[in-house]
Amino acid sequence: MSAQHFFSLFVVCILMSFSQFVHHADAGYTLKEVEVVSNNGEPVRVFTAEELKEYDGSNSDKPLYMGIKGVVFDVSKGERFYGKDAPYNVLVGIDSTRAVAKMSLEKEDLNHDISGLSESTLKSLDDVFEGTYVAKYPIAGYMDYLLEQSPEKFEKLKVWDTRGTV
Ligand code: HEM
C-alpha cells in the first residue's frame, strides 16, 4: 500500500468515527425544558385549547396567538404569515408544536403531540422555538396541558386561569 493510499484510508477512518460520534450525539437528543416566566410579576395566563381558538385571526379585533411546546406567543406582528388568508394561518389559534417540528401544514400535524418524532425533528423544533419564536414574539401565556404536566413550573407564580383552579 502506497503512502498516499494509506493516508486516504486514514482520512476515511477519521471521517467515519466522526460521523459515528455525530450520530451518537443526535440519538441522545431530548427536547429542552420550557421555562415559565412572569412579565414584571404579572399573573401568567393559562389558556385552554378552546380559549386559544379565539385568537386564530377570524376576529380581526383580537391578536393572533400560537402555541408551541405549551408556550403561547403573540404573533400579531407576523400578520402577513399568520393572519386570516395568510399562508400559515392554520398554525394559529392552536398549539401547533407538531406542525412546526415537522415543517408541515397537514391537518394531522396541527396539534401538540410530539410522539414518534425523530431526534433531528425534535432538535429542529427547539431551534425554531428559540431562533424564531422566543427571539421574535412576546409571550402571551401558557397552555393548560403544560400546567397539568408540570405544575412545579408554575408553583411560585400567580396564575390567571379562567378554569377557576387558582
Ligand atoms: C415550499 C415550501 C416553503 C417555502 C419556500 C417557504 C418559505 C418561507 C419564507 C421565505 C419565509 C420567510 C418570509 C419572511 O421572513 O418574510 C417563511 C416563513 C415561515 N414559514 Fe415557510 N416556506 C415553506 C414551507 C413551510 C411549511 C411547510 C411550514 C410549516 C410549518 C412553514 C412555516 C413557516 C412559518 C411559521 C414562517 C414564519 C416564521 C415567522 O414567524 O417568522 N413554511 N417561509
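Readers should treat all values here as calculations from the given coordinates under stated rules, not as data from a laboratory. Bear in mind that the values here come from a model prediction, so they are computed numbers and not experimental data. FYI the Cβ positions are ideal-geometry reconstructions off the backbone, even for glycines, and counts take in every protein chain you see.
Just subtract the alpha-carbon distance of ARG80 and VAL37 from 0.36 nm times their residue separation and send over the number in nm, one decimal.
Here the answer is 12.7 nm.
So how strong a dipole does the stretch 34-161 carry about its Cα centre when Lys and Arg Cβ are +1 and Asp and Glu Cβ are -1, to the nearest 20 debye?
My answer is approximately 340 debye.
In vacuo Debye scattering of the stretch 34-161, one point per C-alpha: log10 I(q)/I(0) at q = 0.11, 0.12, 0.15, 0.21 Å⁻¹?
Cα-only, vacuum Debye calculation for the stretch 34-161: -0.35, -0.42, -0.67, -1.30.
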